[in-house]
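What follows is a short report on a single structure.
The values are calculated or read from the model by the stated rules, or taken from the named source; none is laboratory data. Small disclaimer: the values here were computed from a predicted structure and weren't measured. Virtual Cβ from ideal backbone geometry, glycine too; neighbours counted across all protein chains shown. Accessible surface is based on the protein model in full, side chains and every heavy atom, while ligands, DNA and RNA are left aside. Shrake-Rupley method; radii C 1.70, N 1.55, O 1.52, S 1.80 Å.
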Amino acid sequence: MVVLAASICTRSGKPLLSRQFRPMPRSRVDGLLAAFPKLIPVNSQHTTVETNDVRFVYQPFEELYVLLITNKGSNILQDINTLSLLVRLISSLTPAMSEPAILHHAFDLLCAFDEVVSMGYKENVSLSQVRNVLEGESHEEKIQEIIARNKEAEAKEELKRRAKQLEMQRREQQRIAQAGGGASRSGPGGYGNTSGGGGGGMAGGYSSVPRYEAPTQTQDYRTPSPAQTTQKPKFTGSGMKLGGKKGKQSDLMNALGGEADVEMEPEPEPEPEPVTETEVSADVLDKVEQDSIHVTIKEQLSLTLLRDGGLQSFELKGDLDLRITDAALAKLRLTLAPNDYSELQFKQHPNVAKFTGNEKIIGLKDSSRNFPVGQGLGVLRWRMTGKDESHVPLNVTVWPQPRGDGTSDVAIEYELEAQHLSLKNVVISIPVPSGSLPSVTGDADWRLSGNSFVWTIDTIDSENSNGSLEFRCQGDADAFFPVSVGFAASGSLADVEVTKATLVEGGDEQTFSQERILTVDKYEIV
């Protein structure tokens, strides 16, 4: 038996909940559930329907359907038993079989489905076992909770008893102190010769508050602990152990009977690692108004430069996406500009014909077929690698010069090599020592982000192709590397461009819109 999915849908086929146990795309499940109500015969007494590929085992439940989607070779009896268990679980987990209740308890229902079916096969479980797993109840845990509550109640009673003993001792000591102080007073005005031995009944017979003197008869005590009794519990233990575990009961008894509380020093929090903010989204570029035929060329750059000069690694990946919104224009060919593409490795979509000859034409292998309408299709990809520094679109130089007093003068310079590109929101991030404050020479848009000095240039193009900045900061030469650079550019670094779009039938040229974007995946100077 293989259960592909367990679902709950409305009478019209609207899916409310579905759990796939085998790899199935969502669109496939949505299509099966939408077609399911149409397959049910009118006044049918059966609870199964089949298509060419799958079988539906279902059970009507008020205004909803609970169904299993299985392969046609599964055991129908086991499928019915599985469905019956799922229906009972749904009834026990939801107060009402309605759409709001199903959506409210969707997470619990999905967990219950996973306990019943695993990888498409039914588990040997009952309703009570699944409920116990979902509720997470444990008999041993309940016993431990009862024991913990009892110990806590006993500790509170012991605390009250000790507090009462302390109060009685305090009153007894005050009574003895007053009696001893009154007997020792004598002399004029002291009323020490009266028969009562204390203050007389005459006016002016009030004496000052007696000074407390610790009696020699009572036992001495140093802490709030009361005098020893026959019922006093024993507290045993060793010294403080580093890293030792401490339970709640141990903490409570130590608070009651310990000499002093030991405060543990909090562990120092680790310093956050510096975060570079060089990732630049293509949203900063100007949007292109799309025609019925729209071409999007996207390239992603990844390179690593050496601080002393030279290119360690270079990789450029690109793809061409075609989007057609008019079905009348679905049969067409695209022609690329006649540029030098000798260093590019092209790869076409499986349905797109390979390039032949010097002219680069993008078209379907089967000229009778159409390109998809209303959705984008990646028709072409390319890749370029090498160690030629001339491929680097923006050359950034960082030159730290130590001054001998623990500080360094850092000079930054950039120059645009690819003059056909327009770079937006260029970000140059240089690490600096923690706690240092750079002193910048000149006017520039810079900020400190964590442990990084971030310089932002709004636009770099052919009219504004170079620039420089200097700052002084604590640290040696190695402290300012690696440097990260990020930007988004309008244009293609490989100069891939579509120049013409023509219909297959008739060869008429059509107007089209084109968008070329270059972003940076990694640009580092090490």
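Does any residue of the stretch 107-123 turn out to be open to solvent by 10 Å² or more (accessible area, probe 1.4 Å), of a type in the set (S, T, N, Q) and out of contact with any strand residue (DSSP E or B) (no Cβ under 7 Å at 6 or more places or on another chain)?
Taking the stretch 107-123 as the starting set, the residues that turn out to be open to solvent by 10 Å² or more (accessible area, probe 1.4 Å) are 107-108, 110-111, 114-115, 118-119, 121-123.
Remaining after also requiring of a type in the set (S, T, N, Q): 118.
If we keep only those that are out of contact with any strand residue (DSSP E or B) (no Cβ under 7 Å at 6 or more places or on another chain) as well, we get 118.
Within the stretch 107-123 (the criterion being open to solvent by 10 Å² or more (accessible area, probe 1.4 Å), of a type in the set (S, T, N, Q) and out of contact with any strand residue (DSSP E or B) (no Cβ under 7 Å at 6 or more places or on another chain)), the answer is yes, since at least one residue qualifies.
Failed condition for I362, given (1) over 38 Å from the mean Cα position of the chain (by Cα); (2) of a type in the set (V, I, T); (3) over 30 Å from L336 (Cβ atoms), with all others met?
Only one criterion in (1) over 38 Å from the mean Cα position of the chain (by Cα); (2) of a type in the set (V, I, T); (3) over 30 Å from L336 (Cβ atoms) is unmet by I362, namely (3).
Does the stretch 354-363 contain at least one residue that is closer than 24 Å to E279 by Cβ and modelled with pLDDT of 90 or more? Full working, then the answer.
Of the stretch 354-363, the ones closer than 24 Å to E279 by Cβ are none.
No, because not a single residue in the stretch 354-363 is closer than 24 Å to E279 by Cβ and modelled with pLDDT of 90 or more.
With under 32 Å from the mean Cα position of the chain (by Cα) and of a type in the set (A, V, I, L, M, F, W, C) as the only criterion, which of A494, A479 stands out? Walk me through how you get there before you give the answer.
Details: A494 fails: under 32 Å from the mean Cα position of the chain (by Cα).
Exactly one of A494, A479 is under 32 Å from the mean Cα position of the chain (by Cα) and of a type in the set (A, V, I, L, M, F, W, C), namely A479.
Return a yes/no flag: does the stretch 313-324 have any residue that is open to solvent by 60 Å² or more (accessible area, probe 1.4 Å) and more than 21 Å from S490 (Cα to Cα).
no
Name the single residue, out of those in the stretch 446-463 being outside any strand (DSSP E or B) and either within 17 Å of V398 (Cβ to Cβ) or touching a strand residue (DSSP E or B) at 6+ places or on another chain (Cβ under 8 Å) (or both), that is most open to solvent (accessible area, probe 1.4 Å). Give the derivation first.
Residues of the stretch 446-463 outside any strand (DSSP E or B): 450-451, 461-463.
Next, from what is left, pick out any that are either within 17 Å of V398 (Cβ to Cβ) or touching a strand residue (DSSP E or B) at 6+ places or on another chain (Cβ under 8 Å) (or both): 451, 461-462.
Numbers: N451: 38, D461: 39, S462: 71 Å².
Once the filter is applied, the top-ranked residue is S462.
Filtering the stretch 289-312 down to residues that are open to solvent by 60 Å² or more (accessible area, probe 1.4 Å) and in contact (Cβ under 8 Å) with a residue 60 or more places away in the chain, which residue is farthest from the chain's Cα centre (by Cα)? So that I can check it myself, show each step before the final result.
Taking the stretch 289-312 and keeping what is open to solvent by 60 Å² or more (accessible area, probe 1.4 Å), we get 289-291, 298, 300, 306-308, 312.
Filter once more, so that each one left must be in contact (Cβ under 8 Å) with a residue 60 or more places away in the chain: 289-291, 298, 300, 306-307, 312.
Working: E289: 35, Q290: 35, D291: 38, K298: 28, Q300: 25, L306: 34, R307: 35, Q312: 33 Å.
Per the stated criteria, the residue is D291.
Kindly indicate whether any position in the stretch 60-70 is loosely packed, with under 14 Cβ neighbours inside 10 Å, part of a loop (DSSP other than H, G, I, E, B) and at negative phi.
There is at least one residue in the stretch 60-70 that is loosely packed, with under 14 Cβ neighbours inside 10 Å, part of a loop (DSSP other than H, G, I, E, B) and at negative phi.
Among the numbered criteria (1) modelled with pLDDT under 85; (2) hydrophobic (A, V, I, L, M, F, W, C); (3) in contact with a Pro (Cβ under 6 Å, 6 or more places away or on another chain), which single criterion is violated by L33?
Condition (1) is where L33 drops out.
Can we say L83 is of a type in the set (A, V, I, L, M, F, W, C), in contact with a helix residue (DSSP H, G or I) (Cβ under 7 Å, 6 or more places away or on another chain) and surrounded by 14 or more Cβ atoms within 10 Å (Cβ to Cβ)? Write out each step before concluding.
Values: of a type in the set (A, V, I, L, M, F, W, C): yes; in contact with a helix residue (DSSP H, G or I) (Cβ under 7 Å, 6 or more places away or on another chain): no; surrounded by 14 or more Cβ atoms within 10 Å (Cβ to Cβ): yes.
When the stated conditions are applied, L83 does not pass them.
Being in a loop (DSSP other than H, G, I, E, B) and within 22 Å of D521 (Cα to Cα) is the filter here; which residues of the stretch 418-440 pass it?
Residues of the stretch 418-440 that are in a loop (DSSP other than H, G, I, E, B), as a first pass: 418-421, 432-438.
Selection gives A418, Q419, H420, L421.
How many of the residues making up the stretch 129-143 are within 11 Å of L85 (Cβ to Cβ), open to solvent by less than 70 Å² (accessible area, probe 1.4 Å) and without any contact (Cβ under 8 Å) to a residue 24 or more places away in the chain?
Let us first name the residues in the stretch 129-143 that are within 11 Å of L85 (Cβ to Cβ), namely 129-130.
Keeping just the survivors that are open to solvent by less than 70 Å² (accessible area, probe 1.4 Å) gives 130.
Narrowing the set further to residues that are without any contact (Cβ under 8 Å) to a residue 24 or more places away in the chain leaves none.
Residues that pass the stated criteria total 0.
Would you say G467 is over 25 Å from M384 (Cβ atoms) and in contact (Cβ under 8 Å) with a residue 40 or more places away in the chain? Quick ask: steps written out before the conclusion?
Working: over 25 Å from M384 (Cβ atoms): yes; in contact (Cβ under 8 Å) with a residue 40 or more places away in the chain: yes.
So G467 fits the description; yes.
Checking the structure you have, find out if any residue of the stretch 419-429 is more than 24 Å from F314 (Cα to Cα) and open to solvent by less than 60 Å² (accessible area, probe 1.4 Å). Don't jump to the end; show me each part of the working.
Looking only at the stretch 419-429, we keep the residues that are more than 24 Å from F314 (Cα to Cα), and these are none.
Checked the stretch 419-429: no residue is more than 24 Å from F314 (Cα to Cα) and open to solvent by less than 60 Å² (accessible area, probe 1.4 Å).
Any residue at all in the stretch 86-97 that is more than 20 Å from R131 (Cβ to Cβ), in contact (Cβ under 8 Å) with a residue 24 or more places away in the chain and either open to solvent by less than 40 Å² (accessible area, probe 1.4 Å) or more than 34 Å from the chain's Cα centre (by Cα) (or both)? Write out each step before concluding.
Initially, the stretch 86-97 is screened for residues more than 20 Å from R131 (Cβ to Cβ), giving none.
No - not one qualifying residue is present in the stretch 86-97.
Quick check on the stretch 353-364. Is at least one of its residues over 23 Å from Q514 (Cα atoms), touching a residue at least 24 places away in the same chain (Cβ under 8 Å) and not small (G, A, S)?
Checking the stretch 353-364: not a single residue is over 23 Å from Q514 (Cα atoms), touching a residue at least 24 places away in the same chain (Cβ under 8 Å) and not small (G, A, S).
How many residues are open to solvent by 60 Å² or more (accessible area, probe 1.4 Å), assigned to a loop (DSSP other than H, G, I, E, B) and touching a Ser or Thr at 6+ places or on another chain (Cβ under 9 Å) if we restrict to the stretch 351-378?
1
Return the total of residues in the stretch 481-526 being free of Cβ contacts under 8 Å to residues at least 60 places away in the same chain and surrounded by 21 or more Cβ atoms within 10 Å (Cβ to Cβ).
Here is the first cut: in the stretch 481-526, the ones free of Cβ contacts under 8 Å to residues at least 60 places away in the same chain are 482, 506-509.
Those left that are additionally surrounded by 21 or more Cβ atoms within 10 Å (Cβ to Cβ): none.
Selection size over the stretch 481-526: 0.
State which residue is least open to solvent (accessible area, probe 1.4 Å) when the search covers only the stretch 2-50 and only residues that are touching a helix residue (DSSP H, G or I) at 6+ places or on another chain (Cβ under 7 Å) and part of a loop (DSSP other than H, G, I, E, B).
Within the stretch 2-50, the match that is least open to solvent (accessible area, probe 1.4 Å) is G13.
Looking at D478, D443, which one is open to solvent by 20 Å² or more (accessible area, probe 1.4 Å), outside any strand (DSSP E or B), closer than 20 Å to R307 by Cα and without any contact (Cβ under 8 Å) to a residue 24 or more places away in the chain? Spell out the reasoning first.
On the way: D443 fails: closer than 20 Å to R307 by Cα.
Going through D478, D443 in turn, just one is open to solvent by 20 Å² or more (accessible area, probe 1.4 Å), outside any strand (DSSP E or B), closer than 20 Å to R307 by Cα and without any contact (Cβ under 8 Å) to a residue 24 or more places away in the chain: D478.
Go over the candidates T356, T304 one by one and state the one that is farther than 30 Å from W455 by Cα and β-branched (V, I, T). Steps first, answer last, please.
Values: T304 fails: farther than 30 Å from W455 by Cα.
Of the residues listed, the single one that is farther than 30 Å from W455 by Cα and β-branched (V, I, T) is T356.
Go through (1) farther than 17 Å from V496 by Cβ; (2) more than 40 Å from the chain's Cα centre (by Cα); (3) open to solvent by less than 20 Å² (accessible area, probe 1.4 Å) for T335 and report which single condition fails.
(1)
With L416, L448 as the choices, which residue is under 28 Å from G386 (Cβ atoms) and not aromatic (F, W, Y)? Explain how you work it out, then say what you get.
Working: L448 fails: under 28 Å from G386 (Cβ atoms).
After applying the criteria, what remains is L416.
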